[in-house]
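Structure first, commentary second.
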Amino acid sequence: MRGVDEGKAQIGFGNSSTTVDGLAGNAPYPKKVTKVCQLANLYPQYFQVVVTADSNVNSFADMKGKSVVTQPKGNTAELLTAEVLKINGLNYQSLSKISFQSYTDAVSLVKDGHAQVFTLGTTAPASSVMDLASARDIKLLAVDDKTMGELKKSNAGVACDLPDDLVYKMTKIMAANVDGMAAVVKPITGLTPKDMALDIGVPLHKGAAKYYKEVGAL
């Protein structure tokens, strides 16, 4: 998103949560992103918190004193992990240990008993979670109403100054070629214009909005 905002690129791909952070000027962005608009929402990714069945972790507050493994620093899941801890009165120092690892290494840490909590952001079902479930008894931690409410306060994007007619054509072509995109990225399967126009907290480009209105998606 910073690349688009700074004029280094005209089209970018990002997660909705980090794009919204950019608009607000939250970390890791040094300043507010002001030149990014939404072109289309492509597919959902889920923030998942996996805990071992014997960890006695039944809420985010229970993560205090536990060993947690998340994604590398700056990754969406890592940022969300820090935010979720903050909402619940905790931080990384509240944990017995925090590790920043790839999916594969994170799964190994939990399998070997070196971590009780694994956080990640990806599609569902996640192969890494399924791999872990084949070796350990695990459960997914539910996001409580308080945490979800605070997160709500706090995808494909384009430069807002791209011509409306160009973005209109881009949006129309994307909508007409969902099957082709899904052949490359499976979670895109079944994507509809209504899905693409989903409000993720980022303003729609006028050209994209024009197409979505034409097809009744807005």
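Of the beta bridges in the chain, as assigned by DSSP with both residues counted there, near 70 percent are antiparallel. The alpha-carbon of Lys146 sits under 30 angstrom from the alpha-carbons of these lysines, leaving out residues fewer than 8 places away in its chain: Lys31, Lys32, Lys64, Lys66, Lys73, Lys86, Lys97, Lys194. Beta bridges assigned by DSSP with both partners in the stretch 46-151 are antiparallel in approximately 60 percent of cases. Once Rh is set to the Kirkwood radius over Cα pairs, what Stokes-Einstein translational diffusion coefficient, in µm²/s, holds for the stretch 30-86 at a temperature of 25 °C and a viscosity of 0.890 mPa s? Answer from the Stokes-Einstein relation: 173 µm²/s. About the centre of its Cα atoms, the chain shows a dipole size close to 340 debye [charges on the beta carbon of Lys, Arg (+1) and Asp, Glu (-1) only; nearest 20 debye]. Computed from label points 7 Å out along Cα-Cβ, the spacing between Thr123 and Asn177 is 1.9 nm. If you sort the three axes of the alpha carbon gyration tensor as a ≥ b ≥ c, you get a/c under 1.5 for the stretch 46-151, which makes it rounded. The three principal axes of the Cα atoms in the chain give end-to-end lengths of 56, 37, 31 Å, sorted in falling order.
Computed from the coordinates by the stated procedures, all read-outs in this text should not be read as laboratory data. From a predicted model like this one, the values you see are computed outputs, not experimental measurements. Heads up, the Cβs are rebuilt from the backbone with ideal geometry, glycines too, and the neighbour counts pull from every protein chain shown.
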